[in-house]
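This report concerns only the one structure given below.
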Amino acid sequence: MTSARPGPSRYLRGIGAHASVEPDPLVPGAYVLSIGGAEQSHVDLARPGHVFYAYLRRIANVVDAIAPAGAPIRALHLGAGALTLARYIAATRPGSVQGAVELERELLDFVLERLPLAPGTDLSVHLGDARWQLPEAAARGPFDVIVLDIFSGPEAPGHLAEPGFYAEAAELLAPGGALLVNIGDDPPLTLVRSQLAAMRSVFGEVAALAEPEMFTARFPGNIVAIGLAGPWPESWTTGLPAAGPHPTRLVRGVELDPLAG
């Protein structure tokens, strides 16, 4: 098992905040990455197949729907964080080829120093802006999964939160591949609405996964958006909500219009 090296926090000049890695007191073998005192990522080094945060578990469930456990895939992570999903894919699908793009070099260095990747993980790292690094990252594609985990609140980078970026990302997907976007937002979910509309202008199928109350637009939280260039797999309609975390609702088609119309 890979061992963590928790220690003093590090000041990230690019972000202007301190980052720390501390043991999770409730989950033995797990660690929490915090930035500026706010929890950002949860990594279970003892069980990398365990994904703690609900929105990340929903993304992992889509990965599982795309390819069965044990089948290597190609994945690209835009926004590295603590590389929770990259670790999940490496653990459940040995031999997978992955890439990650992270804007903050100091953050990535700190994460890899404190929470090393498991031996055998095939992950290439690209430092810089997610959009401008796409051509370099594309060398490892085409990708079965592209995960975009950058957006939170109204200050999303404009050059990423628009249809042109989604079109560029869609070009890197393999047949049957999916773009998975985590969107953190507050009522009335202005960012969620704009991003679902932008994705609909690019992808033939767009769906959203979240707790049922998120679709009322009256609560803060995270919505996972799914973009597919190909047809919607009907087995996902019941399979993804059933996979949890419970309760989970999947919305697509005309049911998504109130948020993406």
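The values are calculated or read from the model by the stated rules, or taken from the named source; none is laboratory data. Predicted model, so just to flag it, every value in this text is computed and none were measured. Please note: Cβ atoms are built from the backbone with ideal geometry, for glycine as well, and neighbour counts cover all protein chains shown. For accessibility, only protein heavy atoms count, side chains too; no ligands or nucleic acids. Shrake-Rupley method; radii C 1.70, N 1.55, O 1.52, S 1.80 Å.
Need the full-extension length gain, Arg105 to Ala138, defined as separation in residues times 0.36 nm minus the C-alpha distance. One decimal, nm.
9.9 nm
Work out, in µm²/s and without decimals, the Stokes-Einstein translational diffusion coefficient of the stretch 42-177 at 4 °C, 1.567 mPa s, Rh from Kirkwood over C-alpha pairs.
The diffusion coefficient I find is 85 µm²/s.
Under the classification rounded if a/c is under 1.5, otherwise prolate if a/b is larger than b/c and oblate if not, where does the stretch 110-154 fall, given a ≥ b ≥ c as square roots of the Cα gyration tensor eigenvalues?
oblate
Need one number: nm distance between label points at Ala197 and Trp232, each 7 Å from Cα along Cα→Cβ, rounded to one decimal.
In this crude spin-label approximation the distance works out to 2.1 nm.
At 7 Å along the Cα-to-beta-carbon direction for both Asp129 and Ala242, put a label point, then send me their distance in nm to one decimal.
Going from the Asp129 label point to the Ala242 one covers 4.4 nm.
Which percent, to the nearest 5, of DSSP beta bridges fully inside the chain are antiparallel?
That works out to approximately 60 percent antiparallel.
Can you pull the Rg over Rh of the stretch 1-98, Cα-only, Kirkwood?
On the Cα set of the stretch 1-98, Rg over Rh gives 0.99.
Go ahead and estimate [θ] at 222 nm for the chain from helices alone: -39,500 (n - 2.57) per DSSP H run with n ≥ 4, summed, over the residue count, rounded to 500.
-7500 deg cm²/dmol
Give the peptides 37-43, 85-91, 68-74 in descending order of average Cβ contacts within 10 Å, highest first.
85-91, 37-43, 68-74
Fully extended, how many nm does the chain gain between Glu168 and Asp186 (0.36 nm per residue separation, minus their Cα-Cα distance)?
3.8 nm
So what is log10(I(q)/I(0)) for the stretch 67-111 at q = 0.21, 0.25 1/Å, when the Debye sum runs over its Cα atoms only?
Taken in order of the listed q values, log10 I(q)/I(0) reads -0.66, -0.84.
Under a no-solvent Debye model with one identical scatterer per Cα of the stretch 153-206, what's log10 I(q)/I(0) at q = 0.27 Å⁻¹?
-1.16
With a/c under 1.5 counting as rounded, go ahead and sort the stretch 105-253 into rounded, prolate or oblate using the C-alpha gyration tensor (a ≥ b ≥ c being the square roots of the eigenvalues; past the cut-off, prolate if a/b is larger than b/c, else oblate).
Rounded, since a/c falls under 1.5.
Consider all pairwise Cα distances in the stretch 182-242 and report the whole-number % of them above 19 Å.
33 percent
Counting Lys +1, Arg +1, Asp -1, Glu -1, what net charge surrounds Ser201 among other residues with beta carbon under 15 Å of its beta carbon?
-3
Per residue, how much accessible surface does the chain expose to a 1.4 Å probe? Answer in Å², no decimals.
Normalised by residue count, the accessible surface of the chain is 42 Å².
Scan (i) 1.01; (ii) 0.94; (iii) 0.98 for the value of Rg/Rh (Cα atoms, Kirkwood Rh) calculated from this model and give just the label.
Evaluating Rg/Rh (Cα atoms, Kirkwood Rh) on these atoms matches (ii).
At 1.4 Å probe size, with the rest of the protein present, what percent of the exposed accessible area of the chain is carbon and sulfur atoms?
Of all accessible area on the chain, carbon and sulfur atoms account for 56 percent.
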